[in-house]
1. Considering every residue within the range A:104-123, establish whether at least one is over 30 Å from residue B:92 (Cα atoms) and at pLDDT 95 or above.
2. Identify, from the list A:28, A:24, the residue that is closer than 19 Å to residue A:270 by Cα and at pLDDT below 95.
3. Restrict the check to the range B:103-110 and report whether at least one residue is touching a strand residue (DSSP E or B) at 6+ places or on another chain (Cβ under 9 Å), assigned to a helix (DSSP H, G or I), facing chain A (nearest Cβ under 7 Å) and surrounded by 22 or more Cβ atoms within 10 Å (Cβ to Cβ).
4. Quick check on residue A:244: is it more than 14 Å from every other protein chain (Cβ to nearest Cβ), in contact with a helix residue (DSSP H, G or I) (Cβ under 9 Å, 6 or more places away or on another chain), part of a helix (DSSP H, G or I) and within 30 Å of residue B:88 (Cα to Cα)?
5. Filter the range B:132-149 for residues that are crowded, with 16+ Cβ neighbours inside 10 Å and out of contact with any strand residue (DSSP E or B) (no Cβ under 9 Å at 6 or more places or on another chain); which is farthest from the other protein chains (Cβ to nearest Cβ)?
6. State whether the residues of the range B:113-131 include one that is within 11 Å of chain A (Cβ to nearest Cβ), assigned to a loop (DSSP other than H, G, I, E, B) and more than 30 Å from residue B:33 (Cα to Cα).
7. Would you confirm whether any residue within the range A:117-138 is out of contact with any helix residue (DSSP H, G or I) (no Cβ under 8 Å at 6 or more places or on another chain) and within 14 Å of another protein chain (Cβ to nearest Cβ)?
8. Report the residue count in the range A:139-158 for those that are part of a helix (DSSP H, G or I) and out of contact with any helix residue (DSSP H, G or I) (no Cβ under 7 Å at 6 or more places or on another chain).
């Protein structure tokens, strides 16, 4: 199979997943539609994180910085200059890519690696959060409301009557993000990212400009993440420094790709399919627990505890995530001539 | 004729430690130059300087007449110098073919071309049975072959081999000698660090001897083998080791 055929096969798989999903808003009740929106939204963000954290192996613990830049950029352009959130989304993506490239360049240039790199990204996100909370132009820590409009407007990316439209928007974004990852996965860019993750010195010795490709990975991941931030702002119609740049955003973003399978095309979606409904069910459960568990009533944070436990279990027992574990199992069950061990 | 590689007065200090001291060396196109010397003599440091992994403290390096001193590794590789690592550094989670493909992308940007080139090299290195397994599953000998395969895939004019035969059985290292000869037949110049004396003496056109960071001899193998300074610094040690 040549490159084009592989690419087409991957895109066909993506279409096979995405096309049936178009029917979801017509088939299920509004609660399930909103759950589907959240699931795709986290899958989209996880996929964006995975480009940098999974493929290029540059573990980000501060993806909220890009997310927040996206959320604030589209929102402020809309409120102050009446710019459509679609354009604001692109502006935010550009700005986040620039910020990511600059920050990444500085961190990489001075040899910040591994845990220290993760801490560096965390510090940058916190820095932006604190700056946002002190900036008058974006209403400090009080946050910004996006005024409600009546009816539905595609131009304003706001849907009062038809919540399902948000679903189509996030499905479109998700397909776009996945298409980017698939293209990456099959190109020399993706191969270089993986080589850098595995061994930087060896990659450099084979002609890979390590610094340049690491910066590319951050910029690309940042741009996609920022678009997710813009979507959230339009969906939730409110942002503040914590919602935009908070630690929990960073953690939520990296959770799904890690559980699903770091550095795999489908890992972030698998992680989102498992974790998002789990989180929502847990919240619903805590709201109205059975009598025997009455003490849980109204306690927030149970979902976070479950996340924590899951994360520990995954890292201990299946560091390559559900997709990796599934692949190994499949390899054992279908012993082809090469034992089905082909990593692709 | 311009030498393919010219090292002029090259030195490298790490703090107070002198790892390479005023080394000058020339390689003609198509030559196999062996580089020997006791552990800690500065052989690998010299490789790191030539391949750009380290910047020299003093001195110049010319490749095909062009100054490459202080260039980053990826630029030097693009100019046509490839290297292997003494301790193999496979991309562990990528398959053998994918490992080699990384190198092949340098001269073959299209994925199909890179893959075709990588397959060719994988087959030539005798790695075909392991083409699709993760590099982490390879044995020591397999990893050494993979190092060589990846470096070859970058299409070098000069290849630096850092102890590719260390830890191999005599049969395996004989196979390697044949491989290296074959690589030279294709017009690739080689600078080879090796402790396996039989292999290096039979392979090399000339042998350079490093001792405490200084070059003490660069001569044909039979001359080096009789050189009293070399015997005292290095070969003697080897004989004692083999007698024990």
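1. Residues of the range A:104-123 that are over 30 Å from residue B:92 (Cα atoms), as a first pass: A:123.
Narrowing the set further to residues that are at pLDDT 95 or above leaves A:123.
Yes, there is a match, as at least one residue in the range A:104-123 is over 30 Å from residue B:92 (Cα atoms) and at pLDDT 95 or above.
2. A:24
3. Among the residues of the range B:103-110, at least one is touching a strand residue (DSSP E or B) at 6+ places or on another chain (Cβ under 9 Å), assigned to a helix (DSSP H, G or I), facing chain A (nearest Cβ under 7 Å) and surrounded by 22 or more Cβ atoms within 10 Å (Cβ to Cβ), which makes the answer yes.
4. On the way: more than 14 Å from every other protein chain (Cβ to nearest Cβ): yes; in contact with a helix residue (DSSP H, G or I) (Cβ under 9 Å, 6 or more places away or on another chain): yes; part of a helix (DSSP H, G or I): yes; within 30 Å of residue B:88 (Cα to Cα): no.
So residue A:244 fails the test.
5. B:141
6. Yes, the conditions are met somewhere in the range B:113-131.
7. No: the range A:117-138 contains no residue that is out of contact with any helix residue (DSSP H, G or I) (no Cβ under 8 Å at 6 or more places or on another chain) and within 14 Å of another protein chain (Cβ to nearest Cβ).
8. Number of matching residues: 1.
The values are calculated or read from the model by the stated rules, or taken from the named source; none is laboratory data. Keep in mind that this is a model prediction, so the values were computed, not measured. Quick reminder, even Gly has a Cβ in these numbers, built from the backbone with ideal geometry, and neighbours come from all protein chains shown.
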